[in-house]
Structure formats: structure tokens, C-alpha cells
Amino acid sequence: MEYIDKLNRLRYEKGFSFRKLGLDCRLSESAVKKIFYKKCDPRISSIEKICAVLGTSLLDFFGAANKTKPDKNDGDDSFIAVCAPLSADAKSRVLQFVNGLCK
């Protein structure tokens, strides 16, 4: 879960404690700690909340994490490029999230 390390650096740079981040994300402090200590596999919605509070989006965060800046004109290719390095479980969660958006 390399992305957690990157999120933690961003959290530190922005000056957020686990408590403050949890309050702003509407997650419990213990849930935030479990995510950052890699004690659980977080939901996409939790990562999305954390990214939003830290001033980025999921797409920008994962695009920057993989040094791939999605082009708005690429459509499906950009999405596939951003998701390609994710684990199978993370890909499944992204797919569930996207399917929820399409309903």
C-alpha cells in the first residue's frame, strides 16, 4: 500500500494530526490510524474523503502517485492508466465505486 505512505507524507506536510483529519473527514480517529498504520484495507470512499480534506482528488492523487497526469480527452485510457498499478482488491473497490456512480 504505497499510496498510504504518500497520503501520510501529504498529511504531515499539511499539518494534520490523526484526530484533526478524522474530524474533518467524518471518520473516527481510530479508523484513520488503522488506515495510516496499514492495519486495514480502506474503502475507496474513505480514501476519497481523506484526499478531499488534504486538498486533492482521487484521480489527481493516484495520477500523481503514478506520475501519470490524466488528459481529460483520453477518457477510458486515462482511467485505465491510473488504475493499472493498483492491486486486484483496489481495482475491485474502484469498480464498485464507479458502478455506484453510474446508478
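Here are the numbers:
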item	result
Cut-off 12 Å between beta-carbons: net charge of the residues surrounding Pro42, Lys and Arg +1, Asp and Glu -1	+4
Within the range 1-41, trypsin sites (Lys or Arg not before Pro) in DSSP loop having at most 13 other beta-carbon neighbours inside 10 Å	Arg26, Lys38, Lys39
The range 2-102 - Debye-derived log10 I(q)/I(0), Cα point model, q = 0.25 Å⁻¹	-1.49
Net charge contributed by nearby residues that have their C-beta within less than 14 Å of Asp5 (K/R +1, D/E -1)	+2
For Asp24, net neighbour charge (Lys/Arg +1, Asp/Glu -1) across residues whose Cβ lies under 14 Å away	+4
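Every number in this text was worked out from the coordinates using simple rules, so none of it is lab data. Please read these numbers as outputs of a predicted model, since none were measured by experiment. Cβ coordinates were reconstructed from backbone atoms using ideal geometry, including for glycine residues, and neighbour counts include every protein chain displayed.
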